[in-house]
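Below is one structure, written out as structure tokens, with a few remarks after it.
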Amino acid sequence: MGDREKLLAAYDADLRTEAEVAGALDVHRIGPLWLATFTGGRGFISYRDLEGSTPEGIERLVSAAVAHYLAAPGVREVEWKTRGHDHAPGLHDALVRHGFVPGEPESIMIGEAQALAVDVPLPPGVTLRRVTEAEEIRAAVTMQDEVFGRSGPDTEAHVAELIERQAHGEDFELWVAEAEGRIVTAGRLSPVPGTLFAGIWGGATRTEWRGRGIYRALTAERARSALARGLVYIHSDSTEYSRPILERSGFLKVSTTTPYEWHRPAS
């Protein structure tokens with residue numbers, strides 16, 4: 001078994017099901033599916049795999065999952081996270097039939113934290129730090145959502161969710177790069193309980209500050225924090241902006257992931 005296959009096996013074993021629903025307010029099981037409800041009216045569907053399922057069986061699973069969330073009026077949106085290496089015949093068609101909309105595919109990247117924990121020179125006037133106060137979290141999330149093209153009520157819900165998750169003791173770190181009194185890059189580090197993994201999420205840099213090494217420096221700082229916790233591996237769902245940066249540090253693309261989003265129909 002090669003390095004990629006070993007990392008993919010570790011991903012499937014350690015980073016799905018329990019790891020993805022940690023911190024949920026409620027978890028409901030339907031066959032292989034783990035249906036989680038998080039703060040902020042957010043649902044998330046995880047599973048180890050759908051091996052052995054037929055198109056008809058997958059159709060029944062998707063239908064039952066949607067029925068579960070329709071019966072939970074506090075849930076506004078649900079993500080079903082698909083993986084490119086799964087054998088799941090008919091899943092795309094079933095999801096679309098039941099109102100899920102596919103997002104952009106991303107690369108699942110995995111590598112050693114040590115490979116990222118390097119010294120990266122920052123442009124003059126740029127500093128890095130971890131933020132914990134509510135207003136700092138609000139500023140970081142607002143910047144991220146601007147970069148990702150989200151705004152308005154969705155941003156407010158995202159801010160409230162992250163602040164509430166912190167208040168409930170969820171273990172994550174939010175790091176930012178600042179310049180000229182404003183946040184120009186932000187990203188999270190999320191240790192995975194019971195494993196040697198941490199995830200890096202939400203990496204976003206303002207367009208005018210890209211190409212100066214700031215994202216790489218922020219990633220290095222998060223990697224050093226992971227190492228200080230005794231963690232060994234980093235995983236990330238990477239866009240085409242961040243994938244090449246991780247590849248240059250020796251990370252491997254083990255698969256792809258595509259989020260499918262369901263929003264509660266207007267009453």
Could you grab the pairs with beta carbons closer than 8 Å, sequence gap of 6+ or different chains, first residue in region 41-60 and of a type in the set (D, E, K, R), second one assigned to a strand (DSSP E or B)?
-> 42/77; 42/78; 42/79
Considering residues of region 1-22 that are touching a strand residue (DSSP E or B) at 6+ places or on another chain (Cβ under 7 Å) and not in a helix (DSSP H, G or I) only, the residue farthest from residue 251 (Cα to Cα) | 17
Spot the failing condition for residue 44; the list is (1) crowded, with 17+ Cβ neighbours inside 10 Å; (2) outside any strand (DSSP E or B); (3) at negative phi, and only one is missed.
-> (2)
Select the strands (runs of 3 or more DSSP E) contained entirely in region 113-212, then report the ones holding at least 3 residues which are surrounded by fewer than 16 Cβ atoms within 10 Å (Cβ to Cβ).
-> 127-131
Complete set of residues in region 113-167 that are under 20 Å from residue 74 (Cβ atoms) and among the charged types (D, E, K, R) = 154, 156, 161, 164, 165
Which residue, of 179, 134, is out of contact with any Leu (no Cβ under 7 Å at 6 or more places or on another chain), more than 24 Å from residue 116 (Cβ to Cβ) and of a type in the set (A, V, I, L, M, F, W, C)?
-> 134
Near pairs, Cβ below 9 angstrom, 6+ apart or cross-chain, from region 61-77 (in a helix (DSSP H, G or I)) to any residue that is among the polar types (S, T, N, Q) | 61/53; 69/37
Within region 27-39, how many residues turn out to be out of contact with any strand residue (DSSP E or B) (no Cβ under 9 Å at 6 or more places or on another chain) and in contact (Cβ under 8 Å) with a residue 40 or more places away in the chain?
-> 1
Please work out which residue is surrounded by the most Cβ atoms within 10 Å (Cβ to Cβ), limiting yourself to region 213-257 and to residues that are among the β-branched types (Val, Ile, Thr) and touching a His at 6+ places or on another chain (Cβ under 9 Å).
-> 254
Collect the residues in region 235-267 that are closer than 21 Å to residue 195 by Cβ and in contact with a Gly (Cβ under 6 Å, 6 or more places away or on another chain), keeping them in residue-number order.
-> 235, 250, 251, 255
Kindly list the number of the only condition in (1) among the small types (Gly, Ala, Ser); (2) surrounded by 14 or more Cβ atoms within 10 Å (Cβ to Cβ); (3) not in a helix (DSSP H, G or I) that fails for residue 57.
-> (3)
Would you tally the residues in region 141-176 being more than 22 Å from residue 263 (Cα to Cα), among the hydrophobic types (A, V, I, L, M, F, W, C) and in contact with a Leu (Cβ under 9 Å, 6 or more places away or on another chain)?
-> 4
Taking region 1-19 as the region of interest, how many residues are crowded, with 17+ Cβ neighbours inside 10 Å, in contact (Cβ under 8 Å) with a residue 40 or more places away in the chain and not hydrophobic (A, V, I, L, M, F, W, C)?
-> 2
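Here, each number is a calculation from the coordinates, and none is a lab measurement. Since the structure is predicted, the reported quantities are computational estimates derived from the model, not experimental observations. Please note: Cβ atoms are built from the backbone with ideal geometry, for glycine as well, and neighbour counts cover all protein chains shown.
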